[in-house]
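Structure first, commentary second.
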Amino acid sequence: MNGAKKALMVAFALLILSCYACEGGSPPAPDSGTTTTTAAGGSSDPSKVLIGSFNLQVFGVTKAGKPQVMAILAQIIRHFDLIAVQEIRDAGGTSVIDLKNAVNSTGVSYDYEIGPRLGRTSSKEQYAFFYNTATIEATSGAYTFDEGSTDTFEREPFIAHFKAKNGDFTFTLVDIHTKPEDATAEITFLPNVLSEARTHTAEADVICLGDFNADGSYFNETSYSSIFPSSTFDWLISNSQDTTQASSSNTYDRIVTYLASNEDFDGAAGVYRYDQVLSLGSTTADQVSDHYPVYAEFWVGKDTD
C-alpha cells in the first residue's frame, strides 16, 4: 500500500471515530484526568505542557496497517504536547513514519526522537518521543543509557532533553520499558540512570516515565519508596491507579520526578482513559493497546533551576 493511500485511509478512519458508540459506548466522556486539550494538540492552557507515556503494545507493520487503529493512536498522541512511547517493533522502520503521518494528518506538526532497536533476543524494541513542534523543542542529542558491562537492562533507557517553547521550562526525559521478569532489578537501578541523565544533560529536572511493570507479580509496589525515597523523588502515578485494560488492576506504567520539578509540576497526573474519552467498545480498545497512557502536567514559566 503506497503512502498516499495509507493517508487517505487514516483520514477516513478519523471521520468514523464518532461512530464507535455503535459498539455499545455512550457519548464521548470527559478526560478522566483534570486536563483539557486543543485541536492543535497538547494542553489547552498555553502556560502548561502535558507530558505522557504510552506502551503501544507490539507496534509494527501489522498494527500500522489498520487505519482505524492508527487514527485512534494519532488522536491519543495529539492529546499530549509530548509523549514517550514504548514497544515499537519494526525492523524496517516504516511504522513510526506512518504513525507520524497519521498524527499530522489534521494539520498539526509533530516530530519524534527515536532510539535504536534494543533487546537481548531477536525480539527487538525501540523507544520514541513524539512532540508537538509548536510547543516543544528538542534541544540536544538524544542518547541511549550506557550501562557498560553490567547488563542490568533488557532495553537500556532512552534519554532526551527538551524545552517548552512558551516558557523557560527545560527538562530531560528517561523512557523505560522493563523486562517483566527483571522489573525489580531494573527499577532498582533506575535512580542511577536518572543521576547520570542529570549530569549528561546538565539538567535538574529529570523525569523518568514508561512501562515499569511496577506491580503484580513483577514488582512489590510498596517497596518503591526505598528505591525512590521521598526526600529526593516524587512518584506521580499512585499505586491505586490502573494503567492497563486487563480485568485485574495493575499500575505498571509510572512517572517519577526529582523534587526539583515540584516548582514546575501543576499537581495534575493520572491515567488517560482513551476508551472512555473516545467511546470505544472493548473490541476496538483492545486493538489499540493493552495499556492506558499516564500523564503529568507542568507549568512552562516557573522553572528556576
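Every number in this text was worked out from the coordinates using simple rules, so none of it is lab data. Everything numeric in this text was worked out from a predicted model, so none of it was measured. Don't worry about glycine lacking a Cβ; one is built from the backbone with ideal geometry, like all the others, and counts go over all protein chains shown.
Considered as a group, the residues in the range 280-305 that are part of a loop (DSSP other than H, G, I, E, B) and either closer than 17 Å to Thr172 by Cβ or among the basic types (Lys, Arg) (or both) include one that is nearest to the chain's Cα centre (by Cα), and that residue is Val300. Evaluate the range 198-217: report whether one residue or more is surrounded by 24 or more Cβ atoms within 10 Å (Cβ to Cβ), in contact with a Cys (Cβ under 8 Å, 6 or more places away or on another chain), over 17 Å from Phe298 (Cβ atoms) and of a type in the set (A, V, I, L, M). No, the range 198-217 contains no residue that is surrounded by 24 or more Cβ atoms within 10 Å (Cβ to Cβ), in contact with a Cys (Cβ under 8 Å, 6 or more places away or on another chain), over 17 Å from Phe298 (Cβ atoms) and of a type in the set (A, V, I, L, M).
Results for (1) under 27 Å from Ser231 (Cβ atoms); (2) of a type outside the set (Asp, Glu); (3) crowded, with 22+ Cβ neighbours inside 10 Å; (4) out of contact with any strand residue (DSSP E or B) (no Cβ under 7 Å at 6 or more places or on another chain), shown as yes or no for each residue.
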residue: Glu263; (1), (2), (3), (4): yes, no, no, yes
residue: Thr283; (1), (2), (3), (4): no, yes, no, yes
residue: Asp286; (1), (2), (3), (4): no, no, no, yes
residue: Ala296; (1), (2), (3), (4): yes, yes, yes, no
residue: Lys302; (1), (2), (3), (4): yes, yes, no, yes
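Could you tell me whether Ser195 is farther than 18 Å from Glu147 by Cβ and either among the small types (Gly, Ala, Ser) or in contact with a Pro (Cβ under 6 Å, 6 or more places away or on another chain) (or both)?
Answer is no for this residue.
Considering Asp253, Asp215, Asp234, Asp211, which residue is under 29 Å from Thr304 (Cα atoms), in contact with an Asp or Glu (Cβ under 7 Å, 6 or more places away or on another chain) and touching a residue at least 24 places away in the same chain (Cβ under 8 Å)? Give the derivation first.
On the way: Asp215 fails: under 29 Å from Thr304 (Cα atoms); Asp234 fails: in contact with an Asp or Glu (Cβ under 7 Å, 6 or more places away or on another chain); Asp211 fails: under 29 Å from Thr304 (Cα atoms).
Criteria check complete, one pass: Asp253.
Applying the condition of being of a type in the set (A, V, I, L, M, F, W, C) and outside any loop (DSSP other than H, G, I, E, B) to the range 132-147 and asking which residue is nearest to Phe189 (Cα to Cα) yields Ala138.
Take the residues in the range 243-259 that are surrounded by fewer than 19 Cβ atoms within 10 Å (Cβ to Cβ) and hydrophobic (A, V, I, L, M, F, W, C); name whichever of them is farthest from Ile77 (Cα to Cα). Taking the candidates together, the pick is Leu259.
Which of the residues that make up the range 240-259 are assigned to a helix (DSSP H, G or I) and touching a helix residue (DSSP H, G or I) at 6+ places or on another chain (Cβ under 9 Å)? Working first, answer last.
Applying the first criterion (assigned to a helix (DSSP H, G or I)) to the range 240-259 yields 259.
Correct list: empty.
Quick grid of which residues meet (1) within 19 Å of Gly52 (Cα to Cα); (2) under 17 Å from the mean Cα position of the chain (by Cα):
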site	(1), (2)
Ile159	yes, yes
Phe169	yes, no
Val174	yes, yes
Ala183	no, no
Asn192	no, no
Ser195	no, no
Thr199	no, no
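Scanning the range 173-198 for residues that are touching a residue at least 12 places away in the same chain (Cβ under 8 Å), hydroxyl-bearing (Ser, Thr, Tyr) and closer than 21 Å to Ala142 by Cβ yields one hit, Thr178. Against the numbered list (1) crowded, with 22+ Cβ neighbours inside 10 Å; (2) under 22 Å from Tyr252 (Cα atoms), Thr184 comes up short only at (1).
Taken as a whole, the condition of being without any contact (Cβ under 8 Å) to a residue 60 or more places away in the chain and within 25 Å of Phe228 (Cβ to Cβ) does not apply to Arg117.
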